[in-house]
Amino acid sequence: MLTLKLRAKPRNERVLESADTKARTKLPLAVDLDGTLIHSDVFTETILRFLFATPWKAPLLLLWLLKGRAHAKMRLAELHPPDVTLLPYDQRVVAWLEAEKKSGRMIVLATASDQRTAQAVADHLGLFERVFASDGVANLKSSRKAERLRDAFPGGFTYAGNETADLKVWRAAAYAVTVNAPARVTRRLKCRIETSFAAEHHPMRAFIETMRLATKIRRPELHQSRRGGAI
């Protein structure tokens, strides 16, 4: 009779593994918005809604963009703020964040979206202790986001993202959480992966969701204008 003996990990390995897990879960968790927490892109959505509602103001949008993406995001958030209750949240991520928050972990929202939109999302979900976002002057993306988070959390942090622009943030992070990230992105990761959420949908999903939201939010405006015209 053949007897198999399972080799237990040496005690020192178990201790190191336990310490590593404990350190990782204690690190603050910074979460991106577009493509990570939600399936769409807020900036693209607000541009589409702005053009749908007031197409004659397209030159104004160009002027805002000439002053920088952060400025354009601020003006769009002021005039056409998205309804954050309608955003297509990735429910897998939301459920995981709820569990992490319940365990006592510090979670922050770190996004290139305008601070008004970011704060509205944070207020709606009730998961984030702090919000890092674009402020009308600085577009909080890539290396600029990495610098802000590194300054805020000198002891290290974990970052949840999804795209190439997040690679510079992951380089500054201790651990990565990948969400719907393509293989070409995950292959370039330099830090260790804490958790990974595989892509559930085709890459065009973000664009489709953005178009759906822009069209859905446009209907009441059209309905109201038609009623106004009939009066």
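Read-outs throughout are calculated quantities, based only on the coordinates presented, and are distinct from any laboratory measurement. Model, not experiment: these values are computed from the prediction. As a convention, Cβ positions derive from the backbone with ideal geometry for all residues, glycine included, and neighbour counts pool all protein chains shown.
Key figures for this structure:
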item: Peptide ranges 97-108, 63-74, 187-198 listed from the most packed, as the mean C-beta count within 10 angstrom indicates; result: 63-74, 97-108, 187-198
item: Cβ-defined net charge surrounding Leu63, 12 Å radius [Lys, Arg +1; Asp, Glu -1]; result: +3
item: Rough spin-label spacing in nm, given labels placed 7 Å along Cα→Cβ, for Leu189 and Asp151; result: 2.8 nm
